[in-house]
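The values are calculated or read from the model by the stated rules, or taken from the named source; none is laboratory data. Quick caveat, the model's predicted, so the values are computed rather than measured. Note that we place each Cβ from the backbone using ideal geometry, even for glycine, and neighbour counts take in every protein chain shown.
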Amino acid sequence: MEWWLLCVRNKYADFSGRARRKEYWMYFLVNCILFFIVGFIGGFLGFPFLVGILCLALLVPSLAVGVRRLHDVGKSGWWLLVNLVPLLGPLYFLYLMVKDSQPDTNEWGQNPKFVM
């Protein structure tokens with residue numbers, strides 16, 4: 001939950017810098033759990049649009065953490081658009097998200113694994 005709060009509170013619209021794999025995937029995991037819970041409750045209460053509201057609320061931090069994660073592997077944030085390519089685009093994006101960080105400093109900053 002700590003990683004999710006970091007993305008939503010402190011780095012809500014921060015598209016600069018780098019994000020570790022752990023930061024990205026913990027944010028993704030908590031989002032999946034939240035969407036499941038809100039979808040279940042919204043469906044049970046007859047308000048299915050609650051998931052859409054949650055999706056809009058988390059759009060900017062989701063894009064921001066995705067861009068920072070791409071920076072960590074040495075790619076520009078524009079590589080998010082690879083998801084628009086049918087079938088192969090999302091698979092390549094998934095590969096980039098699970099790929100290890102660039103070990104040294106790159107043009108977006110120091111490796112976050114070693115920054116205290």
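May I ask you to verify whether Asn31 is polar (S, T, N, Q), without any contact (Cβ under 8 Å) to a residue 60 or more places away in the chain and crowded, with 18+ Cβ neighbours inside 10 Å? Answer is yes for this residue. Applying the criterion of at least 1 residues that are modelled with pLDDT under 95 and more than 26 Å from Gly109 (Cα to Cα) to the helices (runs of 4 or more DSSP H) found wholly in the stretch 1-69 leaves 21-45, 50-57. The residue that is nearest to the chain's Cα centre (by Cα), counting only those in the stretch 70-82 that are assigned to a loop (DSSP other than H, G, I, E, B) and closer than 10 Å to Arg18 by Cα, is Val73.
For the stretch 83-92, a tally of residues being over 21 Å from Glu23 (Cα atoms), assigned to a helix (DSSP H, G or I) and touching a Phe, Trp or Tyr at 6+ places or on another chain (Cβ under 9 Å) returns 0.
Restricting attention to the stretch 93-116 and to residues that are in a helix (DSSP H, G or I) and either loosely packed, with under 14 Cβ neighbours inside 10 Å or touching a residue at least 24 places away in the same chain (Cβ under 8 Å) (or both), the residue that is farthest from the chain's Cα centre (by Cα) turns out to be Tyr95.
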